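S.K.: The following block contains the structure, expressed as structure tokens.
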Amino acid sequence: MGGEPVIPLSLARIAQITGGQLRHGDPAAVVSGEVVIDSRRAGPGGLFAAVAGERSDGHDFAAAALAAGATAVLAPRPVPVPSVLVADVPAALAALARAVVDALPAARIAGLTGSSGKTSTKDLAAQLVERLGPTVAPAGSFNNEFGHPLTVLRADAATRYLVLELSARGIGHIAYLCRVAPPRYGVVLNVGHAHAGEFGGLDQVARAKGELVEVLPADGVAILNADDPRVLAMAARTGARVVTFGIGARDATVRAADIRLDELGRPSFTLLTPQGSAPVTLRLHGAHNVPNALAAATLAGELGLGLDGIADGLGAAVARSRWRMEVHQRADGVTVINDAYNANPESVRAAIDALAHLAQCQPGGAGRAFAVLGHMAELGGTSRASHEDIGEYAARVDDSGLAGLIAVGEEAGPLLDGARRVRSWTGEALAVPDGAAVLDLLANRLKPSDVVLVKASRAAHLEGVAAALLGEAG
Ligand SMILES: Nc1ncnc2c1ncn2[C@@H]1O[C@H](COP(=O)(O)OP(=O)(O)OP(=O)(O)O)[C@@H](O)[C@H]1O
Ligand SMILES: [Mg+2]
């Protein structure tokens with residue numbers, strides 16, 4: 001990342017927009033570079049927003065950001081460099097982002113939310129929408145009160161489209177993000193268990209995600225997953241036109257038929273749209289990317305991309321954000337699936353399905369499937385039961401279950417208890433404390449044609465296990 005200019009703003013104007021106080025700086029000095037919260041990313045003409053984190057305090061890096069070329073610092077406490085003092089950094093970023101949006105009335109804003117697949121879908125949609133014109137949609141998961149305004153601040157006068165990922169950990173969060181950058185297009189992917197513990201259940205998750213369609217204007221478009229009843233029900237909460245996508249739902253506006261997976265789990269399907277149908281083969285892995293592709297196709301179609309461009313673009317689209325269903329083959333014939341970015345019950349099931357499929361499709365007959373699973377965070381009171389259910393799912397998948405379930409860390413017990421509920425399962429159930437123990441355990445176990453999935457919530461940091469299995473520096 002780096003380098004993309006925001007709309008040039010003087011420090012005086014930044015102080016005015018944020019209600020902050022200019023200190024040590026020339027009011028006419030201009031911010032023309034990126035706005036960042038990581039001082040290591042600060043660059044020429046940029047603005048560094050100092051945030052006090054758990055491990056470090058951004059104020060300590062104010063001088064370093066200036067030395068790297070930043071014009072000024074946005075900070076809640078005084079710093080001895082050109083700065084705008086603000087009471088609340090996220091609110092200041094939101095105000096700046098809103099000012100940028102207001103300066104770009106021709107830019108079309110799409111917001112995208114759901115429990116699983118936001119980043120994957122945003123990356124797919126970006127690769128379609130870019131065919132229509134300059135698009136802001138950075139790789140990665142910039143979806144909260146920091147990442148969202150930082151993304152919007154990457155827009156410049158040339159920007160025609162913003163494809164924004166919106167996350168919620170509670171009621172009102174998405175409504176807040178939508179005030180920062182009011183979307184005309186709103187996509188809701190699914191309502192699942194990610195952060196369900198904090199919400200207090202799926203109906204609350206649906207209430208929060210649906211805030212996106214409630215804010216859409218009458219000339220806007222709500223793009224809803226017709227296969228998810230909680231998402232489809234959001235049609236009643238919007239004044240915008242509703243367009244649906246789906247696989248099972250036969251009356252969805254945009255659909256996929258004839259879905260097949262190749263030996264690496266990459267889906268092919270026939271894309272069915274009101275404009276006609278077209279064959280599509282994705283480069284992404286896993287059947288769960290079909291609804292993601294349909295959502296991206298529907299959005300791009302509404303923005304004006306024709307069917308040929310959509311089909312061609314979906315086939316050309318690559319994974320832009322790391323650690324989501326990355327499939328790598330080792331020289332010795334072992335396949336490693338690095339899906340260690342995050343985990344919730346829906347995405348773990350999707351990954352186990354992909355794992356089982358890849359194992360079945362190994363050359364020379366079925367290979368063995370091993371899942372290295374860490375814990376799924378933020379499930380609240382249902383955590384134990386959810387981990388047991390995942391263990392059971394792993395022991396039942398494809399009738400005979402996985403060859404091995406390696407449960408890592410704090411929820412290893414419930415994962416294995418769930419697997420053991422399946423009396424007919426003959427796979428191995430192993431509990432280990434950490435990633436190093438996973439590597440020890442697998443070192444002498446893996447053989448050609450084996451497939452290993454590595455997946456857990458972000459907090460478990462299992463991507464290092466996947467990297468080590470591939471012989472890369474973690
Ligand atoms: N439609 C889907 N259904 C279930 N799982 C999915 C779906 N799309 C992606 N996944 C899986 O969910 C995980 C996270 O994907 P992604 O990063 O795209 O989601 P996200 O919604 O952006 O997550 P976050 O809330 O962390 O931002 C990955 O393991 C991915 O393979
Ligand atoms: Mg994300």
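S.K.: Can you name the number of the only condition in (1) on the phi > 0 side of the Ramachandran plot; (2) open to solvent by 60 Å² or more (accessible area, probe 1.4 Å); (3) not β-branched (Val, Ile, Thr) that Gly286 fails?
M.R.: (2)
S.K.: Also, quick follow-up: Quick one: would you say Tyr176 is more than 16 Å from the chain's Cα centre (by Cα) and either buried (at least 24 other Cβ atoms within 10 Å of the Cβ) or within 14 Å of ligand 1 (Cβ to nearest atom) (or both)? Quick ask: steps written out before the conclusion?
M.R.: Numbers: more than 16 Å from the chain's Cα centre (by Cα): yes; either buried (at least 24 other Cβ atoms within 10 Å of the Cβ) or within 14 Å of ligand 1 (Cβ to nearest atom) (or both): no.
Taking the combined requirement at face value, the residue does not satisfy it.
S.K.: Given the conditions (1) open to solvent by 20 Å² or more (accessible area, probe 1.4 Å); (2) within 16 Å of ligand 2 (Cβ to nearest atom), which single one is not true for Ala208?
M.R.: (1)
S.K.: Can Ala297 be described as surrounded by 16 or more Cβ atoms within 10 Å (Cβ to Cβ) and either under 28 Å from Ala407 (Cα atoms) or touching a residue at least 60 places away in the same chain (Cβ under 8 Å) (or both)? If you could, list the steps in order and put the result at the bottom.
M.R.: Numbers: surrounded by 16 or more Cβ atoms within 10 Å (Cβ to Cβ): yes; either under 28 Å from Ala407 (Cα atoms) or touching a residue at least 60 places away in the same chain (Cβ under 8 Å) (or both): yes.
When the stated conditions are applied, Ala297 passes them.
S.K.: List, please: which pairs have Cβ atoms under 6 Å, are six or more places apart or on different chains, and start with a residue in the range 186-206 that is in contact (Cβ under 8 Å) with a residue 60 or more places away in the chain and end with one that is part of a helix (DSSP H, G or I) and aromatic (Phe, Trp, Tyr)?
M.R.: Val205/Phe199
S.K.: Right, here's the next one. How many residues does the range 221-260 hold that are surrounded by fewer than 21 Cβ atoms within 10 Å (Cβ to Cβ) and part of a loop (DSSP other than H, G, I, E, B)?
M.R.: Result for the range 221-260: 8.
For (1) more than 15 Å from Ala394 (Cβ to Cβ); (2) within 19 Å of the chain's Cα centre (by Cα), each residue gets a yes or a no:
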{"position": "Ala316", "(1), (2)": "yes, no"}
{"position": "Ser321", "(1), (2)": "yes, yes"}
{"position": "His328", "(1), (2)": "yes, no"}
{"position": "Pro345", "(1), (2)": "no, yes"}
{"position": "Ala356", "(1), (2)": "no, no"}
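S.K.: Would you pick out the residues in the range 146-177 that are assigned to a helix (DSSP H, G or I) and among the small types (Gly, Ala, Ser)? Working first, answer last.
M.R.: First pass over the range 146-177, keeping only residues assigned to a helix (DSSP H, G or I): 147-152, 173-177.
Matches in the range 146-177: Gly147, Ala175.
S.K.: Please enumerate the residues belonging to the range 243-263 that are among the basic types (Lys, Arg) and modelled with pLDDT of 95 or more.
M.R.: Keep residues of the range 243-263 that are among the basic types (Lys, Arg), which gives 250, 255, 260.
Scanning the range 243-263 gives Arg255, Arg260.
S.K.: Hey, Ser141 hits all of (1) within 16 Å of ligand 1 (Cβ to nearest atom); (2) touching a Leu at 6+ places or on another chain (Cβ under 9 Å) but one; which does it fall short on?
M.R.: Tallying (1) within 16 Å of ligand 1 (Cβ to nearest atom); (2) touching a Leu at 6+ places or on another chain (Cβ under 9 Å), Ser141 fails exactly one: (2).
S.K.: Okay, next question. (1) β-branched (Val, Ile, Thr); (2) farther than 29 Å from Ala311 by Cα; (3) within 16 Å of ligand 2 (Cβ to nearest atom): which one isn't true of Thr151, the others all being true?
M.R.: Of the numbered conditions (1) β-branched (Val, Ile, Thr); (2) farther than 29 Å from Ala311 by Cα; (3) within 16 Å of ligand 2 (Cβ to nearest atom), the odd one out for Thr151 is (2).
S.K.: Given the conditions (1) under 17 Å from Ala99 (Cα atoms); (2) in contact (Cβ under 8 Å) with a residue 12 or more places away in the chain, and given that Val81 satisfies all but one, which numbered condition is not satisfied?
M.R.: (1)
S.K.: For the range 440-460, which positions are within 29 Å of the chain's Cα centre (by Cα) and among the basic types (Lys, Arg)?
M.R.: Listed by number, the residues that qualify are Lys455, Arg458.
S.K.: From the list Ala437, Ala467, which residue is out of contact with any strand residue (DSSP E or B) (no Cβ under 7 Å at 6 or more places or on another chain), farther than 24 Å from Ser115 by Cα and at pLDDT 95 or above?
M.R.: Values: Ala467 fails: at pLDDT 95 or above.
Just a single option satisfies the conditions, and that option is Ala437.
S.K.: Inside the range 281-319, can you point out the residues that are within 20 Å of Gly265 (Cβ to Cβ), away from ligand 1 (no atom under 16 Å from the Cβ) and of a type outside the set (A, V, I, L, M, F, W, C)?
M.R.: Thr281, Gly315
S.K.: Another question about this same structure. Give the residue that is surrounded by the most Cβ atoms within 10 Å (Cβ to Cβ), with candidates limited to residues of the range 380-405 that are on the phi < 0 side of the Ramachandran plot and touching a residue at least 60 places away in the same chain (Cβ under 8 Å).
M.R.: Initial filter on the range 380-405 (on the phi < 0 side of the Ramachandran plot): 381-397, 400, 402-405.
If we keep only those that are touching a residue at least 60 places away in the same chain (Cβ under 8 Å) too, we end up with 381-383, 386.
Working: Gly381: 11, Thr382: 14, Ser383: 19, Ser386: 24.
Ranking the qualifying residues of the range 380-405, first place goes to Ser386.
S.K.: Which is β-branched (Val, Ile, Thr), closer than 19 Å to Val438 by Cα and either more than 13 Å from ligand 1 (Cβ to nearest atom) or open to solvent by 20 Å² or more (accessible area, probe 1.4 Å) (or both), of Val334, Val348?
M.R.: On the way: Val348 fails: either more than 13 Å from ligand 1 (Cβ to nearest atom) or open to solvent by 20 Å² or more (accessible area, probe 1.4 Å) (or both).
The conditions single out Val334.
S.K.: Moving to a separate point now. As an exercise: evaluate Arg458 against (1) basic (Lys, Arg); (2) free of Cβ contacts under 8 Å to residues at least 12 places away in the same chain; (3) within 16 Å of ligand 1 (Cβ to nearest atom) and give the number of the one condition it does not meet.
M.R.: Result: Arg458 fails condition (2) only.
S.K.: Take the range 443-464 and flag every residue that is closer than 19 Å to His375 by Cβ and open to solvent by less than 60 Å² (accessible area, probe 1.4 Å).
M.R.: Quick first cut of the range 443-464, residues closer than 19 Å to His375 by Cβ only: 452-464.
Answer for the range 443-464, where residues must be closer than 19 Å to His375 by Cβ and open to solvent by less than 60 Å² (accessible area, probe 1.4 Å): Val452, Leu453, Val454, Lys455, Ala456, Ser457, Ala460, Leu462, Glu463, Gly464.
S.K.: Within the range 107-127, take every residue that is open to solvent by 10 Å² or more (accessible area, probe 1.4 Å) and basic (Lys, Arg) and give me the one that is nearest to ligand 2 (Cβ to nearest atom).
M.R.: Lys118
S.K.: Looking only at the range 407-421, decide whether some residue is assigned to a loop (DSSP other than H, G, I, E, B) and modelled with pLDDT of 95 or more. It would help to see each step written out before you state the result.
M.R.: Restricting attention to the range 407-421, the residues satisfying the condition of being assigned to a loop (DSSP other than H, G, I, E, B) are 421.
Add one more test, that the residue is modelled with pLDDT of 95 or more, and what stays is 421.
Yes.
Yes or no, residue by residue, for (1) without any contact (Cβ under 8 Å) to a residue 60 or more places away in the chain; (2) closer than 19 Å to Leu415 by Cα; (3) among the hydrophobic types (A, V, I, L, M, F, W, C):
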position: Arg324; (1), (2), (3): no, no, no
position: Gly333; (1), (2), (3): no, no, no
position: Asp339; (1), (2), (3): no, yes, no
position: Ala343; (1), (2), (3): no, yes, yes
position: Ser347; (1), (2), (3): no, yes, no
position: Leu355; (1), (2), (3): no, yes, yes
position: Pro363; (1), (2), (3): no, no, no
position: Ala369; (1), (2), (3): no, yes, yes
position: Glu378; (1), (2), (3): no, yes, no
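The values are calculated or read from the model by the stated rules, or taken from the named source; none is laboratory data. What you see is a predicted model, and the numbers here were worked out from it, not measured in a lab. No Cβ is skipped: glycine too gets one built from the backbone with ideal geometry, and neighbour counts run over all protein chains shown. Keep in mind that these areas ignore ligands, DNA and RNA; they rest on the heavy atoms of the full protein, side chains included. Shrake-Rupley method; radii C 1.70, N 1.55, O 1.52, S 1.80 Å.
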